[in-house]
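Data block below; observations after.
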Amino acid sequence: MGILSRNFMPNAYVKSIHEIDFDQLAENGIKGVITDLDNTLVGWDEADPTPAVIHWFNMLNEKGIKVTVVSNNHQGRVSSFCQPLKVNYIFEAKKPMGKAFKHASERMGLKPEETVVIGDQMMTDVFGGNRRGMYTVMVVPVKKTDGFITKFNRIIERRLLHRYKRKGYIKWEEN
């Protein structure tokens, strides 16, 4: 697999954030989470965290795992979601090319290898995290619909996933 292709390959792929084994990640040195918001935690058109998402954030807090939400969305969207959860966030992150992943890990006082990036997009979350040397977990999007720019990214993403499957690099099934 070429270096460019490797940059888009997540370390793990799960159906939702609730399937991630944080005890196992902690055993492997993970101390912090950088998570996307839209279609990773809740649907891109849902304003508030669900009870399950609130529980997920509480569980991470109880385990002593630091969290920062990193989103390409605007300040109003990201802050209104994150402030009730009392979680740090970066808005208008310009993923994957921005320095948001580096800033998030530095704010948490963590090295890249101590940080996991969770997101629903290969082109932004996985690529951005991999470029920074972070462990990446890709989740199935919460909703089957997307905003305008994300629709374009999904076309490329589907082609990459199909290619990875065909070459035997991945074993998971798309939903």
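The values are calculated or read from the model by the stated rules, or taken from the named source; none is laboratory data. All of these numbers come straight from a predicted model, not from anything done at the bench. Ideal geometry is used to build each Cβ from the backbone, glycine not excepted, and the neighbour counts take in all protein chains shown. Each accessible area value is taken on the protein alone, full model and side chains, heavy atoms only, with ligands, DNA and RNA left out. Shrake-Rupley method; radii C 1.70, N 1.55, O 1.52, S 1.80 Å.
Restricted to helices (runs of 4 or more DSSP H) entirely inside segment 38-125, no element has at least 1 residues that are in contact (Cβ under 8 Å) with a residue 60 or more places away in the chain and surrounded by fewer than 21 Cβ atoms within 10 Å (Cβ to Cβ). Specify the residue that is surrounded by the most Cβ atoms within 10 Å (Cβ to Cβ); the eligible residues are those in segment 128-155 that are farther than 18 Å from Val14 by Cβ and at pLDDT 70 or above. The extreme case among them is Gly128. Taken over segment 1-20, the criterion of being at pLDDT 85 or above and not β-branched (Val, Ile, Thr) is satisfied by Phe8, Met9, Pro10, Asn11, Ala12, Tyr13, Lys15, Ser16, His18, Glu19.
Here Thr35 meets each of (1) over 30 Å from Lys167 (Cα atoms); (2) among the hydroxyl-bearing types (Ser, Thr, Tyr); (3) open to solvent by less than 20 Å² (accessible area, probe 1.4 Å) with one exception, condition (1). Is there a residue in segment 22-34 that is in contact with a strand residue (DSSP E or B) (Cβ under 9 Å, 6 or more places away or on another chain) and part of a helix (DSSP H, G or I)? Yes, segment 22-34 contains at least one residue that is in contact with a strand residue (DSSP E or B) (Cβ under 9 Å, 6 or more places away or on another chain) and part of a helix (DSSP H, G or I). Evaluate the following for His18: is it in a helix (DSSP H, G or I) and closer than 30 Å to Lys167 by Cα? So His18 passes the test. Against the definition (more than 20 Å from Ser71 (Cβ to Cβ) and of a type outside the set (Val, Ile, Thr)), how does Ala47 come out, yes or no? In short, no. Could you say whether any residue in segment 2-13 is without any contact (Cβ under 8 Å) to a residue 60 or more places away in the chain and either open to solvent by less than 10 Å² (accessible area, probe 1.4 Å) or closer than 22 Å to Val140 by Cβ (or both)? Checked against the condition, which is being without any contact (Cβ under 8 Å) to a residue 60 or more places away in the chain and either open to solvent by less than 10 Å² (accessible area, probe 1.4 Å) or closer than 22 Å to Val140 by Cβ (or both), segment 2-13 yields no hits at all.
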